[in-house]
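Since the structure comes first, as structure tokens, the remarks are kept for the end.
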Amino acid sequence: MAELCDNKSVGMIITDGDRLLMIDRGNYPRCKALPAGHLDGGSYPEMAITEVSQEVGLEVPMRDLLLAFGEMQSVDGIAIGNPCKREGGSNHKWRVYRLAGPPPTLELKAGDDAKQAFWATRDEWQHYAIRTEYFFSKLGLSWTEVGALTLAVFGDPKTGPVTDEEKIFYAEWESDPGLEPVWYYVLRMANFFDWTFQNAPVKKVAAPVPADEVPDGN
């Protein structure tokens, strides 16, 4: 039986000048991403620190965490329809923190869900974001339809791409992987991007698609 999802996720934005700390995800969906994971009973700030330690080998103090995405007034984060491999994992309540000041070290050690941890240059992380914009545009989706894009490109979390259309989209993605759709959404909402580099037409919408309206792929 698959592990039960707690439907709560936390991530971390860490920069070194114009460089962004990123990982190559080893599990569904396989994308360029930032350190993140489930809460699994911990608090958002505690698990942000834990995920950074486990995925990229950095030890960051809690006093250096600043909330970049999420609701200060709420116990939980903001709901996003992004599927994961766990049972019932069709959506997650997200909070994302950023690190105040420079990272404690620039040396990285990939682990846990990360196949590789690396410092992406500005040109690189912009390219990954533009690549994801391309797929939003190709499928006629708005940039808020995170779950719909994830399922279209990567298939159901339990099976991966199985239809001919999913296999075509996935093969195109694999040829030049982009930023994980949920991270595209989070970084855009957190005003991390300046959006001067967009070159793929993406429909603009005012509000995110409610998590309960995103198909779970079951």
>> If the elastic network links every pair of Cα atoms under 10 Å, which of Phe193, Phe135, Phe69 fluctuates the most in the Gaussian network model of the chain?
In response: Phe193
>> Apply the Karplus curve 6.51 cos²θ - 1.76 cosθ + 1.60, θ = phi - 60°, to the phi angles in the range 104-119 and return the couplings in whole Hz, x for Gly and Pro.
In response: x, 7, 9, 7, 10, 9, 5, x, 6, 7, 8, 6, 8, 10, 7, 8
>> Using Cα springs under 10 Å in a Gaussian network model of the chain, which residue among Arg19, Arg86, Arg63 shows the largest mean-square fluctuation?
In response: Arg63
> Within a Cβ distance under 11 Å of Tyr28, other residues only, what is the Lys/Arg minus Asp/Glu net charge?
Replying inline: +2
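For the chain, what is the percent of antiparallel DSSP beta bridges, rounded to the nearest 5? Could the numbers behind the result be given before it?
On the way: 21 of 30 bridges.
Of all bridge pairs located within the chain, approximately 70 percent are antiparallel.
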>> Give me the net charge for the shell around Arg63: Cβ to Cβ below 14 angstrom, other residues only, Lys and Arg +1, Asp and Glu -1.
In response: -2
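Using the Cβ atoms and a cut-off under 15 Å, what net charge is assigned to the surroundings of Pro103, where Lys and Arg are +1 and Asp and Glu are -1? Spell out each step's value before the answer.
Numbers: positive: Arg19, Arg63, Arg98, Lys109; negative: Asp16, Asp18, Glu51, Glu55, Glu59, Asp64, Glu107.
Here the charged neighbours net out to -3.
A short reminder: the numbers here are calculations on the coordinates, not readings from a lab. Please read these numbers as outputs of a predicted model, since none were measured by experiment. Quick reminder, even Gly has a Cβ in these numbers, built from the backbone with ideal geometry, and neighbours come from all protein chains shown.
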